[in-house]
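Here the structure comes first, spelled out in structure tokens, and everything after it is commentary.
The values are calculated or read from the model by the stated rules, or taken from the named source; none is laboratory data. Please read these numbers as outputs of a predicted model, since none were measured by experiment. With ideal geometry, Cβ positions are generated from the backbone for all residues, glycine too; neighbour counts draw on all protein chains shown.
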Amino acid sequence: MPAQEIQPTRSELLEINRKIRLTENGHKILKLKRDGLILEFFRILDEAKDIRGDIAKRYSEAMEKIAVANAVDGVIAVRSAALAISCEPKISLSTRNFMGVVVPEIDSAKVCTPPEERGYGLLGTSPHIDLAADAFQRLIDTVIKAAELETTMRRLLEEIERTKRRVNALEFKVLPELKDAKRFIEMRLEEMERDNIFRLKRIKAKGREASG
Amino acid sequence: MEIAVIGSQDFIVGFRLAGIRKVHETTSETIQDRIIQILESEDIGILVINMKEMERLPSALRERLEESSSPVVIPVGTEEGDMRDKVRRAIGVDLYKGA
């Protein structure tokens, strides 16, 4: 608020005092929110930190296995085995609200199934296909876990950033401006008071002169 | 709900082998339309996409994928991802150091 726009009146001063109180309150609450978010973030950080690496590891492992299967059995055989798979991983997705951040919660039944229940003929295919399927099932397991963790991390980080920006805006922009305005009004009011006292003194002196 | 996989033939065949039914074979030209279709369908919980494909998408769509929570989009690949950078920006410290 630039100084020119402020009316140096007592009611304006009261208004500004009210605003300062409100801002300080909001600042305190936002700070608490930020700390809470960071705490929650640290709680899941350790798990989430490793999950990317796990995905990368499992992914290259799975890709390697399927390359072997492709080479040994031929691309067509692998593809037809893939088409015959009957079991399907099911998941259920729900959302949880943590301090205004909506994060997903994913429940999954076990993805891994033993080879004999997968649905393709064991005799007609080589063990390389089984290994590849195994590797991919493990990859999917990790991906499901990562889906929950990474999205939660992402949301939390966004919210932390937003909250931090708001805390800083209040602390370094809004609050100082309000305090400046308050000081300005107080100064002006004091100045006006001194003006008035001086004027009264002059009038009093004049009155004495006239009577004396 | 189900898991969906989108990507090239090589990418999806393995996931098909692990039992996922909703595999979408696409080329780089058709992938955008398919992704939008998947984002709008109700019964998909997780969308798996190749990280390299993800990086090639226009940034508006990529942002949409990152923000989507139903389905949750997970890029899979050998790259590290942008998490580290995000953490450094939000927290102010590189927490991944030494990990």
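Just one of the numbered conditions (1) closer than 22 Å to residue A:157 by Cα; (2) at the interface with another protein chain (Cβ under 9 Å from one of its Cβ atoms); (3) of a type in the set (A, V, I, L, M) is not true of residue B:18: (1). Got a sec? Which of A:108, A:126 is more than 7 Å from chain B (Cβ to nearest Cβ), touching a helix residue (DSSP H, G or I) at 6+ places or on another chain (Cβ under 9 Å) and farther than 21 Å from residue A:77 by Cα? Checking each option against the conditions leaves just A:108. Only one entry of A:48, A:67, A:62, A:84 meets the criterion of being surrounded by 18 or more Cβ atoms within 10 Å (Cβ to Cβ) and either more than 7 Å from every other protein chain (Cβ to nearest Cβ) or in contact with an Asp or Glu (Cβ under 8 Å, 6 or more places away or on another chain) (or both), and that entry is A:48.
Do we find that residue A:108 is surrounded by fewer than 19 Cβ atoms within 10 Å (Cβ to Cβ) and among the hydroxyl-bearing types (Ser, Thr, Tyr) in this structure? In short, no. Residue count for the range A:19-45 satisfying the condition of being at the interface with chain B (Cβ under 9 Å from one of its Cβ atoms), closer than 30 Å to residue A:137 by Cα and surrounded by 14 or more Cβ atoms within 10 Å (Cβ to Cβ): 2. A Cβ distance below 8 Å, combined with a sequence gap of six or more or placement on separate chains, defines the contacts here; from the range A:139-167, residues that are closer than 15 Å to residue A:29 by Cα and within 7 Å of chain B (Cβ to nearest Cβ) reach residues that are buried (at least 19 other Cβ atoms within 10 Å of the Cβ) and at pLDDT 85 or above in the pairs A:160/A:34; A:160/A:37; A:160/A:41.
In this structure, does residue B:91 turn out to be buried (at least 16 other Cβ atoms within 10 Å of the Cβ) and either under 19 Å from residue A:63 (Cα atoms) or more than 9 Å from chain A (Cβ to nearest Cβ) (or both)? Break it down into steps so the answer makes sense when it comes.
Details: buried (at least 16 other Cβ atoms within 10 Å of the Cβ): yes; either under 19 Å from residue A:63 (Cα atoms) or more than 9 Å from chain A (Cβ to nearest Cβ) (or both): no.
Considered against the rule, which asks whether it is buried (at least 16 other Cβ atoms within 10 Å of the Cβ) and either under 19 Å from residue A:63 (Cα atoms) or more than 9 Å from chain A (Cβ to nearest Cβ) (or both), residue B:91 comes out as no.
Every condition in (1) more than 17 Å from residue A:35 (Cα to Cα); (2) more than 9 Å from chain B (Cβ to nearest Cβ) is met by residue A:98 except one, and the failing one is (1).
Residue A:93 - would you say it is part of a helix (DSSP H, G or I) and either surrounded by 15 or more Cβ atoms within 10 Å (Cβ to Cβ) or touching a residue at least 24 places away in the same chain (Cβ under 8 Å) (or both)? So residue A:93 fails the test. Evaluating residue A:172 against the criteria (1) surrounded by 15 or more Cβ atoms within 10 Å (Cβ to Cβ); (2) over 17 Å from residue B:48 (Cβ atoms); (3) among the aromatic types (Phe, Trp, Tyr) leaves one unmet condition, (1). Is the range B:10-28 home to any residue that is within 16 Å of the chain's Cα centre (by Cα), under 15 Å from residue A:146 (Cα atoms) and among the aliphatic types (A, V, I, L, M)? Scanning the range B:10-28, I find no residue that is within 16 Å of the chain's Cα centre (by Cα), under 15 Å from residue A:146 (Cα atoms) and among the aliphatic types (A, V, I, L, M), so the answer is no. Take the conditions (1) within 30 Å of residue A:153 (Cα to Cα); (2) not in a helix (DSSP H, G or I); residue A:43 misses just one of them, which is (2).
Taken over the range B:44-99, the criterion of being modelled with pLDDT of 80 or more and touching a Phe, Trp or Tyr at 6+ places or on another chain (Cβ under 6 Å) is satisfied by B:50, B:76.
Looking at B:49, B:74, just one residue is more than 9 Å from every other protein chain (Cβ to nearest Cβ), crowded, with 17+ Cβ neighbours inside 10 Å and not in a helix (DSSP H, G or I), and that residue is B:49.
Of the residues making up the range B:53-63, those that are exposed (fewer than 15 other Cβ atoms within 10 Å of the Cβ) and either of a type in the set (D, E, K, R) or at the interface with chain A (Cβ under 9 Å from one of its Cβ atoms) (or both) number 3.
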